[in-house]
Amino acid sequence: MPSLLIVADNFAPNPAIGGRRAERMASHLRDRGWQVTVLTLPVGCRGVDASLEVPQGIEVLRVPPPSPRPNARRLLDRLRRMRAPPGPPSGTTTRTTTGTTTGTTTGTDTASSDPTDRHRPASLRTRARGKIHGWLVHAEMPDELVGWQWTAAFALRGRSFDVVVGSVPSWSSAVTARVAAERCGARLVLDYRDPWTDLFERAGAPIAAGRLARQRALETACLARADLVTVVTPTLQSWLGARWGRPPLLVTNAWDRRPTPRRPAASSRLVYAGSLAYGRSLKPVFAAMARLPDLPLTLDYIGGHGALAFGDAQAYGQHERVHLHGSRRCSEVFEMIDAAGASVVVVSQGFDYAYPGKIFELVGQASPMLLIGPQGCDAVELVRRHRLGWARDPSDIDGIVTDLRDMVAGSRPTPRDLDLLSPTHTMNQLDEALRALLTAA
């Protein structure tokens, strides 16, 4: 039985969407005769969703990384609390704002009432703290999990594997996988869900030139050692092919359970599950809803940045149609998706290389989606090719209005060629490629 080590910082019960790909890979390759071990972070290092379970028959090694910056931050916070006087500091004001509709937000802001504070020179302690922070950021290469490669090497001493897969990001997963593969003489596979240095060079994410050069050298070393590179989208396949010198294998994400076609039912409910991080915006949806006062449209918002979403809805006069639910278990989210006419998915500018992971969760729910993304991006093309719902550019408000009318009327696109997005198809591709590595060896 061939042995496989998957290095993934996100894994159940961590709710991060990136963990679902590693879990799917582990369980399906186990079913295809692989002895699977997963190297991941301890439970509690990140969020926990008790409804997410580790696949059975898989060995999980939870190894903590020595993370200098989070540890330094916790130490500084502890020292600050020890020195701080009891009660709120003098000269501050507290402001609480509460929404008056079904979407409610509560927050507290504190600000100094002394206008001269902003002009006072930073204290020696503040400057020292800034210097320490800058040094730690510089030392954390490629990211704050930089020390994971050393603790992982210690945890894996004496172990051997035929293949090691690094799930990227985090970027340290690639470095840690490379170190593990070199120590046990295994074949190295880098599985890219998102780009590494191409994120800065092509997608425009900010980074200092010196740090980019160091990141690029580290990624180049990992790619030079890789026996196989797999990617999730055609754009990543093009980008990494230029770097690796060979075409990477396209292994898209897949739905986790076979979609059961539901009888199209009229519904005026939209669901958005996620956050507004990375420049995502629901403004196009709210703008379209504002043009449809005759329809009983509502939007259930599940996740972080609810106050921002509520404020955007308020700007379009749609706040009474928005319901904020905060964080919910995955099982609760799926129940709300089942009752909705469509789920909203947003691809922000600069991330048009990506397939949002929730696309495949929605396919598994047999739920149509309203995808808002730049014209021609990979996700828009995927939704249109497989008729997974509606896909519009953020500027196409008229088109979104038409789609919402169709949703309420129960007129939904009929999905096609879903077998190409099935775990059977995608994992058979991966299994064959991994076994070919062993044959070549």
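The values are calculated or read from the model by the stated rules, or taken from the named source; none is laboratory data. Owing to the predicted nature of the structure, the values given are computational and were not obtained by experimental measurement. Cβ atoms come from the backbone with ideal geometry, glycine included; neighbour counts cover every protein chain shown.
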Item to check | Positions within the range 319-336 being part of a helix (DSSP H, G or I) and closer than 22 Å to Ala287 by Cα, in sequence order | outcome: His319, Glu320, Arg321
Checklist outcome for this item: Looking across the range 343-356 at residues that are assigned to a loop (DSSP other than H, G, I, E, B) and within 19 Å of Leu270 (Cβ to Cβ), the single one that is modelled with the highest pLDDT is Val347
Checklist entry - Yes or no: Asp398 at pLDDT 95 or above, touching a Lys or Arg at 6+ places or on another chain (Cβ under 9 Å), in a helix (DSSP H, G or I) and surrounded by fewer than 18 Cβ atoms within 10 Å (Cβ to Cβ)? => result yes
Item to check | Qualifying residue in the range 13-35 (condition: of a type in the set (S, T, N, Q) and surrounded by fewer than 21 Cβ atoms within 10 Å (Cβ to Cβ)) | outcome: yes
Checklist entry - For the range 274-293, does any single residue satisfy the condition of being outside the structural domain of His323 (by TED's automatic domain parsing), of a type outside the set (A, V, I, L, M) and not in a helix (DSSP H, G or I)? => result no
Item to check | Residue identified as in a strand (DSSP E or B), of a type outside the set (Ser, Thr, Tyr), under 17 Å from Leu362 (Cβ atoms) and touching a residue at least 24 places away in the same chain (Cβ under 8 Å) among Asp300, Asp256 | outcome: Asp300
Checklist entry - Could you count how many residues in the range 320-337 are buried (at least 16 other Cβ atoms within 10 Å of the Cβ), basic (Lys, Arg) and over 19 Å from Pro296 (Cα atoms)? => result 1
Next on the checklist: Return the residues of the range 401-421 that are touching a residue at least 60 places away in the same chain (Cβ under 8 Å), outside any helix (DSSP H, G or I) and buried (at least 17 other Cβ atoms within 10 Å of the Cβ); say none if nothing qualifies.
Outcome noted: Arg412, Pro415
Item to check | Pairs with Cβ under 7 Å, 6+ apart, first in the range 279-292 and over 24 Å from Pro356 (Cα atoms), second at pLDDT 95 or above | outcome: Ala290/Tyr316; Ala290/Gly317; Ala290/Gln318; Arg291/Val401; Leu292/Val401; Leu292/Leu404
Checklist entry - Regarding Arg62, is this residue among the charged types (D, E, K, R), in contact (Cβ under 8 Å) with a residue 24 or more places away in the chain and either surrounded by fewer than 18 Cβ atoms within 10 Å (Cβ to Cβ) or assigned by TED's automatic domain parsing to the domain that holds Thr176 (or both)? => result no
Checklist entry - Which fully enclosed helices (runs of 4 or more DSSP H) of the range 168-253 have 1 or more residues being closer than 20 Å to Leu39 by Cβ, in contact with a helix residue (DSSP H, G or I) (Cβ under 7 Å, 6 or more places away or on another chain) and of a type in the set (Val, Ile, Thr)? => result 171-184
Checklist entry - Looking at Val345, Val333, which one is within 30 Å of Glu201 (Cα to Cα), in the same structural domain as Gly399 (by TED's automatic domain parsing), aliphatic (A, V, I, L, M) and under 17 Å from the mean Cα position of the chain (by Cα)? => result Val345
